[in-house]
Amino acid sequence: MTAVRHLLARAGQALLDDGRDLTPAELAELAGLPDAAVPSLAALAHEVRLARLGPTVELEGILSAKTGGCPEDCHFCAQSARFETPVRATPPLDLDQLLRAARQTAALGASEFCIVMALRGPSERIVDRVLEAAGLIRAETGLQVAASLGILAPGQARRLAEGGVHRYNHNLETARSFFPRVVSAHTWQERFDTCLRVREAGMELCSGVLLGMGESPAQRVELLGQLRELGPAEVPVNFLDPRPGTPLAERPLVGPLEAIRWIALFRLALPGVILRYAGGREITLRELQAMGLTAGINALIIGNYLTTLGRPPEEDLRMLDDLRMPIGALSGPL
Ligand code: SF4
């Protein structure tokens with residue numbers, strides 16, 4: 001264990017004392033620590049989170065405002081029209097439905113509400129509708145409004161920013177080197193370019209990952225480097241919840257302790273970001289869900305996900321109360 005202690009001490013010194021980012025080689029070494037060292041890795045990640053961002057946890061509600069029927073072929077996604085999944089395409093929700101969901105989100109103490117649509121990218125009409133909804137939601141609930149509408153043209157990113165959408169979600173999902181294994185209808189570069197556009201337009205970038213699709217530890221470290229290039233304010237961490245009918249339906253789940261290891265590594269690699277628990281956490285982490293919040297996580301999606309059910313919000317609120325972690329708004333990167 002002397003070698004483990006040495007590696008952790010060096011990482012702690014870099015992040016907490018010297019203000020230096022860990023190198024890819026250091027992250028790869030930490031990724032290879034034995035299982036027995038994962039709680040110590042988590043403890044270091046927690047210390048870094050508290051030092052950089054304090055104990056506050058940000059809550060966000062997400063709403064699928066247009067579900068299913070997507071022309072793209074992301075192998076993990078039940079909303080692709082190319083796979084035989086139980087998800088049926090439904091028309092976009094109307095303004096009343098969006099407002100009702102936003103009110104429910106605000107009542108839970110959340111500060112963020114994200115409007116999500118299953119699209120390759122939005123038409124101008126969709127952008128108009130989202131801007132109209134964003135204005136009403138902000139005025140009525142005080143929630144900050146985020147959007148996730150797929151690949152954006154440059155003018156669209158500007159319109160959303162000027163219309164008051166403060167954060168835009170577009171996930172890199174996985175490393176550039178692994179992406180062609182799971183998506184062929186668009187390229188990793190198209191995703192990266194949309195993320196750059198979001199930043200150029202002045203919105204906060206939320207760019208998440210999906211772990212457990214068959215990528216190697218080295219590819220996860222590669223992904224961390226690519227996220228660093230983008231400088232996101234927020235990184236939602238999803239774990240694959242293999243959906244029936246998708247090409248990844250038979251993949252095994254990430255193990256709970258392995259999930260904690262990677263949450264901690266994401267915090268150590270991206271010390272100032274809002275690191276959000278997202279889809280797949282309940283079935284992946286099971287009894288270790290609270291441990292993620294002492295391993296670097298400082299934000300939650302509360303309530304249901306896009307096509308899967310989350311656990312009841314009351315359970316998450318109790319978990320935060322038990323951990324003595326206050327709920328509030330965050331903005332990054334810090
Ligand atoms: S992940 Fe998004 S772009 Fe890909 S199939 Fe699903 S909804 Fe479409």
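If you scan segment 68-103, which residues turn out to be within 26 Å of Ala139 (Cα to Cα), within 16 Å of the ligand (Cβ to nearest atom) and of a type in the set (A, V, I, L, M)? Leu93 - this is the single residue of segment 68-103 that is within 26 Å of Ala139 (Cα to Cα), within 16 Å of the ligand (Cβ to nearest atom) and of a type in the set (A, V, I, L, M). Looking only at segment 215-224, residues that are of a type in the set (Gly, Ala, Ser) and under 20 Å from Tyr277 (Cα atoms) come to 0 in all.
Does Gly61 satisfy being touching a Gly at 6+ places or on another chain (Cβ under 8 Å), at pLDDT 95 or above and either in a helix (DSSP H, G or I) or closer than 28 Å to Thr246 by Cβ (or both)? No.
When you scan segment 91-112, do you find a residue that is closer than 22 Å to Pro232 by Cα and either among the charged types (D, E, K, R) or touching a His at 6+ places or on another chain (Cβ under 9 Å) (or both), even just one? Scanning segment 91-112, I find at least one residue that is closer than 22 Å to Pro232 by Cα and either among the charged types (D, E, K, R) or touching a His at 6+ places or on another chain (Cβ under 9 Å) (or both), so the answer is yes.
Does Ser177 qualify as being within 16 Å of the ligand (Cβ to nearest atom) and either within 20 Å of Ser331 (Cα to Cα) or touching a residue at least 24 places away in the same chain (Cβ under 8 Å) (or both)? Break it down into steps so the answer makes sense when it comes.
Working: within 16 Å of the ligand (Cβ to nearest atom): no; either within 20 Å of Ser331 (Cα to Cα) or touching a residue at least 24 places away in the same chain (Cβ under 8 Å) (or both): yes.
Judged against the criteria, Ser177 is not a match.
Scanning segment 10-58 for residues that are within 30 Å of Asp322 (Cβ to Cβ) and part of a helix (DSSP H, G or I) yields a total of 25.
Count of segment 99-139 residues, restricted to those that are under 21 Å from Glu314 (Cα atoms) and surrounded by fewer than 23 Cβ atoms within 10 Å (Cβ to Cβ), is 9. Kindly check whether there is at least one residue in segment 258-274 that is part of a helix (DSSP H, G or I) and more than 23 Å from Leu330 (Cβ to Cβ). Scanning segment 258-274, I find at least one residue that is part of a helix (DSSP H, G or I) and more than 23 Å from Leu330 (Cβ to Cβ), so the answer is yes. Scanning segment 15-27 for residues that are surrounded by fewer than 17 Cβ atoms within 10 Å (Cβ to Cβ) and of a type outside the set (Ser, Thr, Tyr) yields Leu16, Asp17, Asp18, Gly19, Arg20, Asp21, Pro24, Ala25. Criterion applied to Thr307, Thr284 was being out of contact with any Leu (no Cβ under 7 Å at 6 or more places or on another chain) and either modelled with pLDDT of 90 or more or of a type outside the set (Gly, Ala, Ser) (or both), and the one residue passing it is Thr307.
Taken together, Ala110, Ala106, Ala134, Ala139 contain a single residue that is more than 16 Å from the ligand (Cβ to nearest atom), more than 18 Å from the chain's Cα centre (by Cα) and closer than 14 Å to Ala329 by Cβ, which is Ala106. In segment 161-170 there is at least one residue that is out of contact with any His (no Cβ under 9 Å at 6 or more places or on another chain), within 11 Å of the ligand (Cβ to nearest atom), in contact (Cβ under 8 Å) with a residue 24 or more places away in the chain and not β-branched (Val, Ile, Thr).
Only residues that are within 13 Å of the ligand (Cβ to nearest atom) and more than 23 Å from Leu248 (Cβ to Cβ): list them for segment 48-67, please. If the condition is that a residue be within 13 Å of the ligand (Cβ to nearest atom) and more than 23 Å from Leu248 (Cβ to Cβ), then Ala65 is the only one that fits. Inspection of segment 83-98 finds a residue satisfying the criterion of being in a helix (DSSP H, G or I) and surrounded by 21 or more Cβ atoms within 10 Å (Cβ to Cβ).
The values are calculated or read from the model by the stated rules, or taken from the named source; none is laboratory data. Predicted model, so just to flag it, every value in this text is computed and none were measured. Reconstructed Cβ throughout: ideal geometry from the backbone, glycine too, with neighbour counts over all protein chains shown.
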